[in-house]
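Notes follow once the structure below has been shown.
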Amino acid sequence: MKRLFYGWKMVAAGAGIQFLQASLLLQSFGAYVAVLRDDRGWSKTELSFAAALHQMEAAIIGPALGWIIDRFGTPLVVRTGVLLLGIGFMLLSGIDSLAAFYGAFIVIALGSSMCGFMPLNISLIYWFEKKRARALSTLGFGLAVGGLAVPLVAWCIATWGWRAAAFGSGVLILLAGLPLSFVIRGRPHFHGEFVDGEPLPDTPSRLQAQQAADGTRDFTAREALRTPAFWLLSLGHGFALFVVTAVNVHAITHLKEGLGYPVATAALFIMLMTIGQIGGIAIGALVGDRFDKRLICAVCMLMHMAGLLCLTYAANLAMIVGFAVLHGVAWGLRGPFMQAIRADYFGVSAIGMILGLSFMIIVVGQIGGPMIAGFMADLTGNYRAGFTTLALLAGLGSMFFLFAKKPPRPAA
């Protein structure tokens, strides 16, 4: 019987780590925002700033983290990140002031960056080429399925309080996340393996063999920065995150305060959005290696826009369901392509640094989404103006993907 390619074991472990992050942090943060607003009396803008801290930290350390990954690999980075993430949640359980809340969240943010989206995606980019979109989409199942646990996290917060829920989350991350992190490995040829599990003479990569025959090579980070594609992809990614991060932080509060649903019921709508996200990931795994990813991403941006407008102006249950399906499918389909398309365009030799530099651009969307929505909600008393602005920005972002054509490879 043919041995299972180790890269798929890494996909499973990475999906497990992303499940922990999504269920306990990324998609549950909105539940903490809704409860902390009542318990501590902090404003939406103050709470949104915690999410902004997360993204600012990711942008600041992104290039350094990419440089470290390119030179030393991802395993140690991921393990350190899991440790910091667990400790950060334990610190969160004991905070009594806004400053302490921000401090705990900085530790959480650092851990999340080091064991999150970028390092895990780079790990798999090294191991997959022909099936890269499929592998990254499958990794995304962990992020999506984590949303199914949001009602459980919300129930724990309501039953035992947010402090107990935060401390328990930290313990769970350490007990489950650390073993999974030891499955992650560096580049395949360091371990006697080959990209896609298929040996090639004198090279670990099919693409590198083709480039050698064509007289071309991978982009350096500096060369990638000189291409329009780098900036257009980064801007498109950032404009998508205007919507994604705003929904993660504020959707439950909008459903609670603006539409009159209790937190537990609002969490069920987030779970429905997650089901849509899982559907989008499944579609991406099937079509991502066959069709032009940038065109798919452009369509997804329009779906993000339509979904957020449905949530903003929801007059009935059908519009909330429309939001959950449109936004969820668009997120699941587009999300894994963000790294796959950069690896397709620029190669893998400097992919860590290229992704790290791109984080300094997409952070505009990561910070701007929650902050715009929170500030305008405090100013106007509801989320309509903020959400509408972000939806229109997502629609505009579709144009960046349409124009982001693949650049020619540099000569060897």
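The values are calculated or read from the model by the stated rules, or taken from the named source; none is laboratory data. Given the structure is predicted, the values throughout are model-derived calculations rather than measurements. Note that we place each Cβ from the backbone using ideal geometry, even for glycine, and neighbour counts take in every protein chain shown.
Below are the figures for this structure:
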read-out	value
Residue within the stretch 292-301 that is crowded, with 17+ Cβ neighbours inside 10 Å, at pLDDT 85 or above and either among the hydroxyl-bearing types (Ser, Thr, Tyr) or more than 27 Å from Phe359 (Cβ to Cβ) (or both) present	no
Failed item, numbered, when Ile184 is tested on (1) assigned to a loop (DSSP other than H, G, I, E, B); (2) at pLDDT below 85	(2)
Residue in the stretch 367-382 that is closer than 23 Å to Asp292 by Cβ and in a helix (DSSP H, G or I) present	no
Test: residue in the stretch 81-89 that is modelled with pLDDT under 85, more than 17 Å from Ser28 (Cβ to Cβ) and surrounded by fewer than 24 Cβ atoms within 10 Å (Cβ to Cβ)	no
Filtered residues of the stretch 60-111 (kept if within 17 Å of Leu47 (Cβ to Cβ), in a helix (DSSP H, G or I) and of a type in the set (Gly, Ala, Ser))	Gly88, Ala99, Ala100, Gly103, Ala104, Ala109
Boolean, Gly369 is of a type in the set (Gly, Ala, Ser), modelled with pLDDT under 90 and buried (at least 24 other Cβ atoms within 10 Å of the Cβ)	yes
Residues of the stretch 125-139 that turn out to be surrounded by fewer than 24 Cβ atoms within 10 Å (Cβ to Cβ), touching a helix residue (DSSP H, G or I) at 6+ places or on another chain (Cβ under 6 Å) and not in a helix (DSSP H, G or I), as a count	2
Single residue of the stretch 223-242 satisfying the filter (closer than 15 Å to Pro408 by Cα and in a helix (DSSP H, G or I)) that is nearest to the chain's Cα centre (by Cα)	Phe230
Criterion violated by Phe387 - all others in (1) surrounded by 24 or more Cβ atoms within 10 Å (Cβ to Cβ); (2) under 15 Å from the mean Cα position of the chain (by Cα) satisfied	(2)
One residue from Ala314, Ala373, Ala404, Ala385 being of a type in the set (Gly, Ala, Ser) and more than 27 Å from Thr45 (Cβ to Cβ)	Ala404
Inter-residue pairs, beta-carbon under 8 Å, first over 18 Å from Phe242 (Cβ atoms) and in the stretch 314-340, second in a helix (DSSP H, G or I) and of a type in the set (Lys, Arg), 6+ apart	Ala340/Arg132; Ala340/Lys293
